[in-house]
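J.: Structure provided below as structure tokens; questions to follow.
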Amino acid sequence: MMHRLLETLATAVAEYLTRQFAAGADAIQIFDSWAGALDGADYEEFSLRYIRAVLERLPKAAPVILYAKGKSPQAEALARTGVPCLGVDWTMPLSQVRGLAGRPICLQGNLDPTYMPGEPAAAAAAVRAILQDNAGDPGHIFNLGHGITPDARIETFQAVVDEVTKE
């Protein structure tokens, strides 16, 4: 019963995303925010299998970002889905994720969102560390490593943007 439900959802999600591309979306992101709840064979059977089913139904070379919270150590399995870009949380440096992915791949992320309610200088230092860790590797979309909280400070955001956009 669960596999029938997941197949139905994969079909519906693929149709929705295909229509997003047809309507002009430049890229889409698949969020697997509960990825950390499953491990090993269960994650493969009940998540990655259906993520691949969605991807197989999308236009060829579709710009897709796959975000699987807590799964950076499984970057190789995530990369094997064929996505061109992986969203990365804050739990592992980008250089390590790249090493695990097993192929050249774009990465999105990975600032710890707990910096955002804090001091701008601390967030800026964290940004510098992420950029330095990724130095020389193309294909990085800077972003938070997960969602944002209501207590985030505008001045901290500004410090992050200023640091990322320095020339």
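J.: Please list, ordered by chain and number, the residues whose modelled amide H lies under 5 Å from the amide H of G145; skip anything fewer than 5 residues away on the same chain.
T.: Result for G145 returns L111, D112.
J.: Between the stretch 1-74 and the stretch 103-132, how far is it from one alpha carbon centroid to the other, in angstrom?
T.: After rounding, the separation between the Cα centres reads 25 Å.
J.: Still on this structure, I have one more. Report for the chain the percent antiparallel among DSSP-assigned beta bridges with both residues inside it, nearest 5.
T.: Values: 0 of 17 bridges.
Around 0 percent antiparallel, to the nearest 5.
J.: Once amide H atoms are placed 1.01 Å from N in the peptide plane, what residues at a sequence separation of 5 or more from L86, or on another chain, have their amide H within under 5 Å of its amide H?
T.: Amide H neighbours of L86, under 5 Å, 5+ apart: L66, C106, L107, Q108.
J.: Just in the stretch 8-99: which chymotrypsin sites (Phe, Trp or Tyr not before Pro) are loop by DSSP and have at most 15 other Cβ atoms within 10 Å? Don't skip to the end; give the middle numbers.
T.: On the way: sites: Y16, F21, F31, W34, Y43, F46, Y50, Y67, W90; in loops: W34, W90.
Passing sites in the stretch 8-99 are W34.
J.: Divide by every residue of the chain the summed helix terms, -39500 (n - 2.57) for each DSSP H run of at least 4, and state the resulting mean residue ellipticity at 222 nm, rounded to the nearest 500 deg cm²/dmol. Show your work: numbers first, answer last.
T.: Values: 7 runs with 72 residues, N = 167.
Mean residue ellipticity at 222 nm (helix-derived): -13000 deg cm²/dmol.
Read-outs throughout are calculated quantities, based only on the coordinates presented, and are distinct from any laboratory measurement. Everything numeric here is computed off the predicted structure, so don't read it as measured data. With ideal geometry, Cβ positions are generated from the backbone for all residues, glycine too; neighbour counts draw on all protein chains shown.
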